[in-house]
1. Among the residues of the range 77-111 satisfying the criterion of being hydrophobic (A, V, I, L, M, F, W, C), touching a residue at least 60 places away in the same chain (Cβ under 8 Å) and touching a Phe, Trp or Tyr at 6+ places or on another chain (Cβ under 9 Å), which is surrounded by the fewest Cβ atoms within 10 Å (Cβ to Cβ)?
2. Residue check, residue 261 against (1) open to solvent by less than 20 Å² (accessible area, probe 1.4 Å); (2) farther than 11 Å from residue 133 by Cα, all met but one. Which one?
3. How about the range 76-102: which of its residues are of a type in the set (S, T, N, Q) and modelled with pLDDT of 95 or more?
4. Would you pick out the residues in the range 23-48 that are open to solvent by 30 Å² or more (accessible area, probe 1.4 Å) and without any contact (Cβ under 8 Å) to a residue 60 or more places away in the chain?
5. I'm told residue 213 meets every condition in (1) touching an Asp or Glu at 6+ places or on another chain (Cβ under 6 Å); (2) open to solvent by 10 Å² or more (accessible area, probe 1.4 Å) except one. Can you identify the failing condition by its number?
6. Listed residues 242, 271; which is exposed (fewer than 15 other Cβ atoms within 10 Å of the Cβ), farther than 13 Å from residue 130 by Cβ and modelled with pLDDT under 95?
7. Tell me yes or no: at least one residue of the range 33-55 is within 23 Å of residue 117 (Cα to Cα) and in contact with a Lys or Arg (Cβ under 9 Å, 6 or more places away or on another chain).
8. Which of the residues that make up the range 116-141 are over 16 Å from residue 284 (Cβ atoms) and open to solvent by 30 Å² or more (accessible area, probe 1.4 Å)?
Amino acid sequence: MSKNYGLIGCGMMGAEHIRNVSLLEGASVRHVYDPVAEQAHFGASLANGARIATSLDDLVDQADLDAVIIASPNNLHAEQLERIASRRGLPILCEKPLFTEQSDMDRIRRLDAHYPAPIWVAMEYRYMPPVAAFLDRVDQITGGIKMLTMQEHRFAFLDKIGHWNRFNKNTGGTFVEKCCHFFDLMRLILKSEPVAVSATAGQMANHMDEDYGGEPPDIWDGGYAIFDFESGARALLELSMFADGSTWNEKIHAIGPTGMIECRVPGPQRFWPDDLGPSPHPQLEMSPRHPKRPEILNIELDDALTEAGDHHGSTFFQHQKFLEMLHKGGRPEVTLEDGLRAVVMGLNAQLAAHERRHVTFRSSRVPA
């Protein structure tokens, strides 16, 4: 039986969810809600005439609804999750980050303990084909990871409705908003929990001449974060949001006693110069130490999935698994606890960079 989705938030990421759901058999976005009328009408049109709800409550109360997708600004997620919980226990796919402030953590814990339906946190990067190929081979190639490095060399923050993503109060800060995907991957790849972080970051090149009602943006556009993990592994994230001239948008490499493996992912096709032709395929390079035989694999992607969003098909593969859970039951692959821990890593990195100090983790919380 087909599943009917309701979508909260019809901006860029909401549109990507609509396009990818439309590629699935047995699922459709039937109701949309966005407080900005123009965005709501855009989302409804993109979803082939979905009904426009007058409020979040109106959307959740629709009898034919089977699940909800939350794709609203970061600082609204915790409140909207609680609002849904107060009315109806529907399965939810919630965009990252789950929350933006330490004070929201207990709210997420209560939801995790009492919400009667699954809540899946949308960590799309797990489902990128080159990352999935990396995950399949990383332990075999490295012989046990000792060093993990992630680089994001990308474009600046895009323009969003109301410029909400220009301010830390709305996003939780760049290490939360932009980087929680990578922190989630660190935990997933290393199969371990972080114990400490050092970081440095700042506003270096972007948004310097912007002003919104007398308020200049305070969002950072570059930095480093180095984590120590319980396993003894170290992990580094390097972020630059003024490196959009690069071939590769993301690179992840892991090194262990027997070798290194690296995946390389280009940016969205829509940002690639037309005169250069199609952007390169993602790559996976495997480099064993003995014998030294580096090998490069090209990861080809379906054009329809590439055109449906900016994440190389990962949103589609995530939705496939979410829909399978709706039909067969079971737990989300990315739980509320996963989403919470990724945000905690981001908040601790923000704190380490802001206060220029080494921060030790305590019980998955942010030190006072």
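1. Within the range 77-111, the match that is surrounded by the fewest Cβ atoms within 10 Å (Cβ to Cβ) is 105.
2. For residue 261, the exception is condition (2).
3. Answer for the range 76-102, where residues must be of a type in the set (S, T, N, Q) and modelled with pLDDT of 95 or more: 80, 86, 100.
4. Within the range 23-48, 25, 28, 30, 33, 35, 37, 38, 41, 42, 45, 46, 48 qualify.
5. (1)
6. 271
7. No, the range 33-55 has no match at all.
8. Passing the criteria: 116, 118.
The values are calculated or read from the model by the stated rules, or taken from the named source; none is laboratory data. It should be emphasised that the depicted structure is a prediction, and the values quoted were computed from it without experimental measurement. No Cβ is skipped: glycine too gets one built from the backbone with ideal geometry, and neighbour counts run over all protein chains shown. Only protein heavy atoms, including side chains, enter the accessible area calculation; ligands, DNA and RNA are left aside. Shrake-Rupley method; radii C 1.70, N 1.55, O 1.52, S 1.80 Å.
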